[in-house]
Each structure stands twice: as structure tokens, then as C-alpha cells.
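Comments concern the structure below.
What follows draws every value from the coordinates through simple rules; no lab data is involved. Note that the coordinates shown come from a computational prediction; the quantities given were computed from them, not determined experimentally. FYI the Cβ positions are ideal-geometry reconstructions off the backbone, even for glycines, and counts take in every protein chain you see.
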Amino acid sequence: MDSLRHHPIRFHVTHWSDDPFSRGAYSSLLPGGTPEHRRSLGEVLDGKLVLAGEACNPVAPAMTHGAWNDGLRAARIAIEAGARRVLVIGAGFAGLAAARHLREAGIECVVLEARDRLGGRVHSIALGPVWVDEGAAWLQQFNDNPLAIHARQLGLPLRETDFGQPLAAAADGTLPDIDAAWEALRAGIDRSLPLADGVARYLESRDEAVRRATRFALDANLILEACLPLESLSVDALDEEGVGAGDRFLPQGYSQLVAHLAEGLDIRLNRPATAIDWSGDQVRVADESADFCICTVPIGVLRDIHFNPPLPPAQQNALDHLGMGQLEKVVLQFDERWWPVSPSGYLRWYDTPASFGEWLDLTDAVGTPTVAGLIAADALERVFAGRSDEEIALVACEALQAWADALRRL
Ligand SMILES: Cc1cc2nc3c(=O)[nH]c(=O)nc-3n(C[C@H](O)[C@H](O)[C@H](O)COP(=O)(O)OP(=O)(O)OC[C@H]3O[C@@H](n4cnc5c(N)ncnc54)[C@H](O)[C@@H]3O)c2cc1C
């Protein structure tokens, strides 16, 4: 790393892919997968078991408020089924929503959580003097987000990110019109083909400039959102919505919201469920039993749980069409902000092959020079494999430096 001119004073590297209680970042549609698979994964089973969480929400998948809304859906099903005691597996947003709704309905509810903490894929950690989020950072689709209402009621500081106004640069020259390339691809691709074939066919007849712009658009708008390589994604992944207008992050950390929403609930930590027995009148999980169970573990973990009887064919089929995307963050902190300032706080970096494609500059929001870089799918294998966290942080720093140099060259 001789070329590195700026060294972070602190860094943090996430490892969601290796985390035994998430096994990846969030769900995506595998080839042939449709939102209908999400819906059928969450169907009630024999009036006493329902799977819930971000993966089961066909409207807002892979997002915290999607998880929250799906937890509410599951709780309503338990209430309709006449449940008097409910076991909720997992204390992420889906589990918390379910448990709160059941408590409000006067139904006894116990939450079993595998970790020694709440929040699941939402977790804020201290990096020097500031809080940074390892998992979810933004309250997305803000105007239609029930968690945003809670955050506002609590008076939590919020900071808007305008994803439409990134400070962007490309490693190999001027920046093409990425948005136009993305819209043209979505309109022009043959959706009857598998996604990778459809993209290849679409690009066949295009000139090099369009190919380059389309590759960048796919890296930024699809692979960094769905977090799997093209060959592993469904055509329908082109339409699953991610970032939206008015998204906001929480400069003091998302975990504040988790702590508030968990208040007063009966949550038992360090209680990993390994088996769910729904063969009798009661559902049994270890030494607990209840007349209804809501299981909110991520789909990557679901496969490790022994269900008796096994999950029915419709749910197995749904699971075969859903996969965990791989997304990690590298947070870097410096003595001073040496990189160009993006008015939106949002940075985009287009390189080939892709590396750290997007960054959030937290500096203005947290008062200390801090940036968080995101890296997904096959780029992770290229950058993370065989490297220590410190080495990964330095590679991330190099990417940030290359982005800053490219901008200065413009
Ligand atoms: C890096 C990253 C960035 C993201 N960015 C955003 C973002 O900006 N905005 C956004 O809206 N979303 C984002 N997401 C997605 C968001 O975090 C998830 O969609 C959401 O938190 C999922 O909530 P959930 O309740 O469905 O699952 P989880 O939060 O995973 O909750 C499930 C719970 O089950 C527990 N569990 C697992 N196995 C067991 C077991 N065997 N027994 C008992 N408990 C178990 C887990 O520990 C966990 O607490 C991001 C995720 C990642 C990883």
C-alpha cells in the first residue's frame, strides 16, 4: 500500500456473511424468484406457525420497515387464530413489532433471541466518539415508513440522504448518464430470459459507451442493492425497490430506536432456537411451549432450524427462490476530512471490477471525519478473502483515495 497517503485512525469492518444468526445481509430473489415467493413463505401453517421478517414482505423486502410491517402481519394472524400464548423467535424489528402488537392485544408473548443483544441486523457500535451502524443505516421510503413515525415521536436526530445527488466519479474517465442507462436497460431487456442472459443479449447490439454505462448502472442499482452477482438474481430483482426519496439515517445510531421499541417486552436473550416442533396442539421450542409461534429468523438461518414436521413444499419452494445477499460495510475515521465534500453526503465510485461502490460521509452529521463504504456480492470475495480487517480497511481507504483523485482530475 505504498500509494496510500491517508491512514485511518480508526476503522470497523462488518462480517454479516459469517454471522451465524444472519448468514448474509438480506434476502434477494434468486433466478425464477418473484415477490409471490415472499408472500407464500409467510403463509400461516396449520393455524399455529408463521414465518415472518423482511424476506416475507413482498412490498418492502430487505428493509427494516418491511420487517416491522411483516411482524405486525404475523401478530394479526396469531390473534385471528385465537392464540393466548405466543412464542416469537428473534428480536429484530419483525419480532419486536409482533411482540408489541400482541402485548397491546393482551396476549402473552415471549421472545426468544439467540444473541446477547436486541436488534438483529440493526446494530450501532461506538467508533471513537461516534456511533456507527453495522447493519441498516437508513429509514427508507421515509414518508411511508412506520418506524420513521416512532423515530420522530422520540425526537431522535435524523439526517436526510439524497441518493439522487451523489458526488460520483469513475476510475476510467468521465461519468456516463447512469440513470438513463438503467431506465433503458429496464425497458429494453427481454424479461423472458434469465437475467444474466437477458443482460448479455441487451448489450450485444449496443456500442461500447452504452455497455460501459449499463455495466455501471447494474453495479450500482442492482448488484449493490440485491447484493448477489447477476447470474444469481431473478429478472424480478430489477423491480424490487431499494433506496427512495427522502431516506434518513440516525446520526446517534439505529439501536436507539430498537431499545425504545423493545421496552416492556418479555425478551429472553442467549436463547438460540435449534428446533421448532409444531406437530401437536402446542408449538414447542426447547423448554417453552405456546399455542402459536412466529419465527422471524433470517432465511439463511431458517435452513439450520429443525422443523417437525418439515416446512411444507410451498415454503420449501419459496426458500429455493430466495437467497441471502452479501453486503458489508467498512467504516473509516480520520483526523481530518481530506476528501471532497458531497453536499448530499453520498458518494458513488465506479470502477471495474467493482469494489466499494457507495459511501456515506457521516462527518457533518457526527462531528468527526468518518465515512462508511459499502461493498457487495462478488466484489466481497475479491476484497475480503484472505485479508485481515486492517488490510480490508486499507483497501477501502485506497478506493476512497482513488475516488477523490478521479474527482480532482475532472
Ligand atoms: C449491511 C446492511 C445494511 C442494511 N441497510 C439497510 C438500510 O439502510 N435500511 C433498511 O431499511 N434496511 C437495511 N438493511 C436490512 C435490514 O437490516 C433488515 O431487513 C432488517 O433489519 C431485518 O429485520 P428482521 O426482523 O426481519 O430480521 P433480523 O433483524 O435479522 O432479526 C432476526 C432475529 O432473529 C435472531 N435469530 C437468528 N437465529 C436465531 C435462532 N436460531 N434462535 C433465536 N433467534 C435467532 C437474530 O439474532 C435476530 O435478532 C441492511 C442490512 C445490512 C446487513
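Values computed for the structure shown
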read-out: For the range 311-362, size of Cβ-based charge dipole, Lys and Arg +1, Asp and Glu -1, in debye; value: 120 debye
read-out: Residue order, fewest to most surrounding Cβ atoms within 10 angstrom, among K48, K329; value: K48, K329
read-out: Other-chain or far-sequence residues with amide H under 5 Å of E358's (modelled H); value: W349, L374
read-out: The range 300-389: relative contact order as a whole-number percent, Cα under 8 Å and 6+ apart; value: 29 percent
read-out: Rounded if a/c under 1.5, otherwise prolate or oblate - the range 313-379, Cα gyration tensor axes; value: prolate
read-out: Separation between Cα centres of the range 113-168 and the range 16-34, rounded to whole Å; value: 20 Å
read-out: Cβ-placed point charges (K, R +1; D, E -1), dipole of the range 26-117 about Cα centre in debye, nearest 20; value: 160 debye
read-out: Computed over the range 180-332: relative contact order in percent, which uses C-alpha pairs under 8 Å that are six or more apart; value: 18 percent
read-out: Helix axis angle, 64-80 relative to the chain longest principal axis, alpha carbon, degrees; value: 10 degrees
read-out: Cβ-based exposure ranking for V110, V86, V258, in which fewest neighbours within 10 Å come first; value: V110, V258, V86
read-out: Length-normalised contact order of the chain in % [C-alpha pairs under 8 Å, at least 6 apart]; value: 28 percent
read-out: Top positive-direction residue, dipole computed over the range 101-223 with Cβ charges, set A151, L139, I223; value: A151
read-out: Descending Cα extents along the principal axes, the chain, whole Å; value: 68, 51, 40
read-out: Cα-based Rg of the range 58-204 normalised by 2.2 N^0.38 Å, two decimals; value: 1.43
read-out: Potential lengthening between Q153 and Q316 on full extension [0.36 nm per residue; Cα-Cα distance subtracted]; value: 54.7 nm
read-out: Footprinting exposure proxy for E108, E263 (fewest neighbouring C-beta atoms within 10 Å first); value: E263, E108
read-out: Span from the the range 73-99 Cα centroid across to the the range 179-245 one, whole angstrom; value: 37 Å
read-out: Contour excess over end-to-end distance, with Cα ends at E183 and A105 and 0.36 nm allotted per residue; value: 23.5 nm
read-out: Ellipsoid semi-axes in whole angstrom, largest first, where each is sqrt(5λ) of the Cα gyration tensor of the range 284-410; value: 41, 18, 14
read-out: Point-to-point label distance, D46-I9, nm (Cα→Cβ direction, 7 Å offset); value: 5.9 nm
read-out: DSSP beta bridges in the chain [antiparallel fraction, %, rounded to 5]; value: 65 percent
read-out: Charge dipole magnitude, Cβ of K and R +1, D and E -1 - the chain, Cα centre, debye nearest 20; value: 620 debye
